[in-house]
Amino acid sequence: MSREGALLVMIAVAVVLIGLMLWGWRRRTRRDAALVAPVAAIGGAERYQASGLYVATTAHDDALNRLAIKHLAYRARATVTVLDDGVRLALTGEPTVSIPRTALVSVGTATVTIDKVVERDGLVRLVWLIAPGQVVDSYVRLQQTSPQELIAAIDSLIPAPASTGTEA
């Protein structure tokens with residue numbers, strides 16, 4: 001095979017791969033079309049703010065299943081602000097996502113999601129309800145702040161589990 005023929009084969013393979021990736025992303029966006037991140041403003045006093053990189057939002061407890069949620073579909077620089085009434089995610093190029101306090105489920109750390117692997121506990125994992133019965137995990141990689149400070153600020157918003165009344 002000549003060099004020109006080999007080049008044409010490589011170009012054809014690249015075009016097919018790019019086409020398959022676009023087809024896969026379009027299917028994913030159709031699958032997740034009903035999920036829209038809340039952008040209604042939330043209020044309250046600011047408790048904490050940190051900047052970093054928004055990595056992804058995935059199906060709950062399935063760190064490799066990225067969701068194509070409107071306003072949270074792509075990786076971006078982010079500012080996370082914890083307010084009395086919830087958490088705001090300001091992503092570059094997107095409207096500010098406002099997660100109300102009532103939608104927060106839990107917060108913690110993670111080491112891996114989608115295509116991002118970091119040092120142990122290097123990602124902040126925010127678990128929240130995007131719709132009734134639909135729990136998702138959003139991941140943020142902080143730049144110059146400790147994940148523990150952000151986790152503590154968000155954790156203070158999450159209500160304690162209801163008592164079952166069986167304590168002695």
Check your understanding: Among Ile18, Ile151, Ile114, which one shows the biggest mean-square fluctuation in a GNM of the chain, springs joining Cα atoms closer than 10 Å?
Key -> Ile18
Check your understanding: For region 16-68, what is the accessible area per residue in Å² when the probe is 1.4 Å?
Key -> 62
Review point. In region 43-90, carbon and sulfur make up what percent of the accessible area (probe 1.4 Å)?
Key: 46
Review point. Taking the alpha-carbon centroid of each part, what is the distance from region 1-56 to region 94-156 in angstrom?
Key: 20
Exercise for review: Would you mind calculating the gained length between Ser106 and Leu129 on full extension (0.36 nm times residue separation, minus the Cα-Cα distance), in nm to one decimal?
Suggested key: 7.3 nm
Review point. Using a basic spin-label model with each label point 7 Å from the Cα along Cα→Cβ, how many nm lie between Val9 and Arg27?
Key: 2.7
Review point. If you put +1 on each Lys and Arg Cβ and -1 on each Asp and Glu Cβ, how big is the dipole of the chain around its Cα centre, in Debye rounded to 20?
Key: 740
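The values are calculated or read from the model by the stated rules, or taken from the named source; none is laboratory data. Everything numeric here is computed off the predicted structure, so don't read it as measured data. Every residue, glycine as well, gets a Cβ built from its backbone with ideal geometry; the counts of neighbours run over all protein chains shown. Keep in mind that these areas ignore ligands, DNA and RNA; they rest on the heavy atoms of the full protein, side chains included. Shrake-Rupley method; radii C 1.70, N 1.55, O 1.52, S 1.80 Å.
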